[in-house]
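Read the structure below first, then the notes.
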Amino acid sequence: MREDDLAAVHALEIRAYEFPWSLGIFRDCLRADYPAWVLDAGGRIGGYFLMSVAAGEAHVLNICVAPELQGLGHGRALLRALLRLARARRVERVFLEVRPSNPGAIALYDSEGFNEIGRRPRYYPARNGREDAVVMALELIPEG
């Protein structure tokens, strides 16, 4: 992901989420040098991920796939690319939060080895107030 991708990334974010990140959040992530990749879907951005890495741990900040491309394996491909990148940076543990109301994402993370380790009460904005977050983690075993 580069600065000139941000308009398309933000437009995708708005289409995919009821409570999207602002353009400024994406810009701040790039300026902080967070790993951020986009998915090329026939010459346009069809998805993306951002993560932070520090002290042997990574935090999945955002994984998004265009609504019309969901269910085709792109989310799994993005997650696996993120995990390969985390391993290359010698990350030992990856954390993420996910909405309990997003069973598809929870199933994806579970199938890739993530385990629920807790909850963050009232973490996400929701239509009727706030929604908890399911906190998940994956221990990475070094390859080779």
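The values are calculated or read from the model by the stated rules, or taken from the named source; none is laboratory data. The model shown is predicted, which means the values in this text are computed figures rather than measured ones. Note that we place each Cβ from the backbone using ideal geometry, even for glycine, and neighbour counts take in every protein chain shown. The accessibility values were calculated without ligands, DNA or RNA, using every heavy atom of the protein model including side chains. Shrake-Rupley method; radii C 1.70, N 1.55, O 1.52, S 1.80 Å.
Structure notes:
- Each residue in the stretch 76-98 was checked for being of a type in the set (Gly, Ala, Ser), in contact (Cβ under 8 Å) with a residue 24 or more places away in the chain and either open to solvent by less than 10 Å² (accessible area, probe 1.4 Å) or within 26 Å of residue 31 (Cβ to Cβ) (or both), and 2 of them qualify.
- Every condition in (1) in contact with a Pro (Cβ under 9 Å, 6 or more places away or on another chain); (2) among the small types (Gly, Ala, Ser); (3) outside any helix (DSSP H, G or I) is met by residue 86 except one, and the failing one is (3).
- Pairs meeting the criteria (first residue in the stretch 1-20 and more than 20 Å from residue 34 (Cα to Cα) and open to solvent by 80 Å² or more (accessible area, probe 1.4 Å), second residue in a loop (DSSP other than H, G, I, E, B) and not polar (S, T, N, Q), beta carbons under 8 Å, at least 6 apart or on different chains) are 14/20; 15/66; 18/127.
- Residue 39 being open to solvent by 10 Å² or more (accessible area, probe 1.4 Å), in a strand (DSSP E or B) and within 30 Å of residue 142 (Cα to Cα): yes
- In the stretch 118-144, the residues that are more than 25 Å from residue 71 (Cα to Cα), surrounded by 12 or more Cβ atoms within 10 Å (Cβ to Cβ) and hydrophobic (A, V, I, L, M, F, W, C): 140
- Residues of the stretch 112-130 satisfying the condition of being among the charged types (D, E, K, R), over 26 Å from residue 76 (Cβ atoms) and part of a strand (DSSP E or B): 122, 130
- Of the listed requirements (1) open to solvent by less than 30 Å² (accessible area, probe 1.4 Å); (2) without any contact (Cβ under 8 Å) to a residue 24 or more places away in the chain, residue 105 misses just one: (2).
- Residues of the stretch 53-68 that are open to solvent by 30 Å² or more (accessible area, probe 1.4 Å) and either part of a strand (DSSP E or B) or under 22 Å from residue 103 (Cβ atoms) (or both): 53, 54, 57, 59, 61, 67, 68.
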